1. Only one of these is part of a strand (DSSP E or B) and either open to solvent by less than 60 Å² (accessible area, probe 1.4 Å) or farther than 25 Å from His160 by Cβ (or both): Leu310, Leu314, Leu299. Name it.
2. Among the residues of region 169-186, what is the count of those that are open to solvent by 10 Å² or more (accessible area, probe 1.4 Å) and more than 14 Å from His62 (Cα to Cα)?
3. If you scan region 29-42, which residues turn out to be touching a residue at least 40 places away in the same chain (Cβ under 8 Å) and part of a loop (DSSP other than H, G, I, E, B)?
4. From the set of residues in region 26-72 that are of a type in the set (Phe, Trp, Tyr) and over 20 Å from Phe86 (Cα atoms), which is surrounded by the fewest Cβ atoms within 10 Å (Cβ to Cβ)?
5. Say whether the condition of being open to solvent by less than 10 Å² (accessible area, probe 1.4 Å), among the hydrophobic types (A, V, I, L, M, F, W, C) and touching a residue at least 40 places away in the same chain (Cβ under 8 Å) is met by at least one residue in region 104-111.
6. Is one or more of the residues making up region 177-194 more than 16 Å from the ligand (Cβ to nearest atom) and either of a type in the set (Ser, Thr, Tyr) or more than 16 Å from the chain's Cα centre (by Cα) (or both)?
7. Could you count how many residues in region 60-92 are outside any strand (DSSP E or B) and within 17 Å of Tyr325 (Cβ to Cβ)?
8. Search region 204-261 for residues being farther than 14 Å from Thr38 by Cβ, aromatic (Phe, Trp, Tyr) and assigned to a helix (DSSP H, G or I), and hand back the single one that is least open to solvent (accessible area, probe 1.4 Å).
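The values are calculated or read from the model by the stated rules, or taken from the named source; none is laboratory data. It should be emphasised that the depicted structure is a prediction, and the values quoted were computed from it without experimental measurement. Every residue, glycine as well, gets a Cβ built from its backbone with ideal geometry; the counts of neighbours run over all protein chains shown. Just so you know, the surface numbers come from the protein's heavy atoms only, side chains and all, with ligands and any DNA or RNA stripped out. Shrake-Rupley method; radii C 1.70, N 1.55, O 1.52, S 1.80 Å.
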Amino acid sequence: MLPNFTVDFNRPSLVGKEMDYIAEALERAHISGDGYFTRQCQALIEEALEVPKVLLTTSCTHALEMSAFLLDIQPGDEVIVPSFTFVTTVNAFVGRGACPVFADIRPDTLNIDETQIERLITPRTRAIIPVHYAGVGCEMDAILEIARRYAIPVIEDNAHGLFGKYRGRYLGTLGCLATQSFHETKNFTCGEGGALLINDLQYIERAEILREKGTDRSRFFRGQVDKYSWVDLGSSYVPADILAAFLYAQLEAWEVIQAKRKYIWEVYADCLSDWAENNCIQTPYVPAHCEQSYHMFYLLLPSLADRQALIAHLKSRGILSVFHYLPLHCSEMGKRFGWKEGDCPVTEETSERLIRLPFYNTLTDTDLEYVITAVKDFCTGQKE
Ligand SMILES: Cc1ncc(COP(=O)(O)O)c(C=O)c1O
């Protein structure tokens, strides 16, 4: 049995009309895919970000899988990804036969180190997949310039970064494709969900087909064909409209949610800065040209022992804090592709030192004060 934590790491919350909209989806007698609320969510993101086309999907993972289909990834193709990411950033492409080519991360933003990308390119490179870690933009000018020179598509894994910006441009609008997550832990959620953002118009028609099990059902519903049939590869990537109803309520309140998360992030940053400095702890770095999405607040402890001791210390106070990605190049699968410990040293030591503090929309001032007091009662270099 899990202990009953006083402060959870994450809690989903209602922000307004979620339950009303679910009831409305039922009243509209359309709770399967591509109903009213799916269209509303897509239109909201298209307008807010000025993206030509948004397709809601069942997860970010599935939007990544769609991207692999859209790029026609073939066995033996290579994709350049950071090792410090979620498994499906790469597994979506490995599933089509690709070999992962892992880049290390920058020690400041923990994003892909753009200076490593060019030397990883080979004649088989088919995609570069930057991940905007914690919703702080990767160095997209440099990445896009290399990609343009070698004519390699860029897919932004923007699972964390909806409404974040890089040099005044929304994350998710910079690559030819981008993927979003609406998983329970994200700023906006419907439990499980995602979206594919299509910036390069050539991919729209095929993306609609892939998402509809390889059929031209979308064209049929638009009256462009008189029956729909099997025309391509694909799978079932369309979420139920009942989930889109929940999500739409969250997206409609995006400015309220972001303001709340900005507040929480800034309280952590302000209250913990002196303590962090005194204990040689690194706090998140957001370059001046990036507006982050306030997805998470993390700390980098001096060592694995310190990180584990802080997790245990917080647990003893009823606070759940967690670590994050394990280096993909050191995993069982990574090793099968020939990667080994030492290949991405910054990823390896970052993964051991990182801790994420409780962060969710309904975290109260009392919760924050409780967590901050508990954190400040901890000193590095002494195990609990
Ligand atoms: C960077 C990144 N990409 C992709 C995903 C997968 O998202 P989903 O759970 O919506 O498939 C995650 C999950 O947290 C993630 O952190």
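1. On the way: Leu310 fails: part of a strand (DSSP E or B); Leu314 fails: part of a strand (DSSP E or B).
Every option except Leu299 fails the conditions.
2. First pass over region 169-186, keeping only residues open to solvent by 10 Å² or more (accessible area, probe 1.4 Å): 169-170, 173-174, 176, 181, 183-186.
Filter once more, keeping what is more than 14 Å from His62 (Cα to Cα): 169-170, 173-174, 176, 184-186.
Total meeting the criteria: 8.
3. From region 29-42, those touching a residue at least 40 places away in the same chain (Cβ under 8 Å) are 30-38, 40-42; that's our starting set.
Within region 29-42, His30, Ile31, Ser32, Asp34, Gly35 meet the criteria.
4. Step one: of region 26-72, the residues of a type in the set (Phe, Trp, Tyr) are 36-37, 69.
Filter again for over 20 Å from Phe86 (Cα atoms), leaving 36-37.
Details: Tyr36: 16, Phe37: 28.
Only one residue fits best here, namely Tyr36.
5. Yes; the residues of region 104-111 include at least one that is open to solvent by less than 10 Å² (accessible area, probe 1.4 Å), among the hydrophobic types (A, V, I, L, M, F, W, C) and touching a residue at least 40 places away in the same chain (Cβ under 8 Å).
6. To start, the set of residues in region 177-194 that are more than 16 Å from the ligand (Cβ to nearest atom) comprises none.
Taking every residue of region 177-194 in turn, none turns out to be more than 16 Å from the ligand (Cβ to nearest atom) and either of a type in the set (Ser, Thr, Tyr) or more than 16 Å from the chain's Cα centre (by Cα) (or both).
7. So the first thing to find is which residues in region 60-92 are outside any strand (DSSP E or B), and the list is 60-77, 83-92.
This time we only want the ones that are within 17 Å of Tyr325 (Cβ to Cβ), so: 60-61, 64, 83-92.
Matching residues across region 60-92 total 13.
8. Ranking the qualifying residues of region 204-261, first place goes to Trp254.
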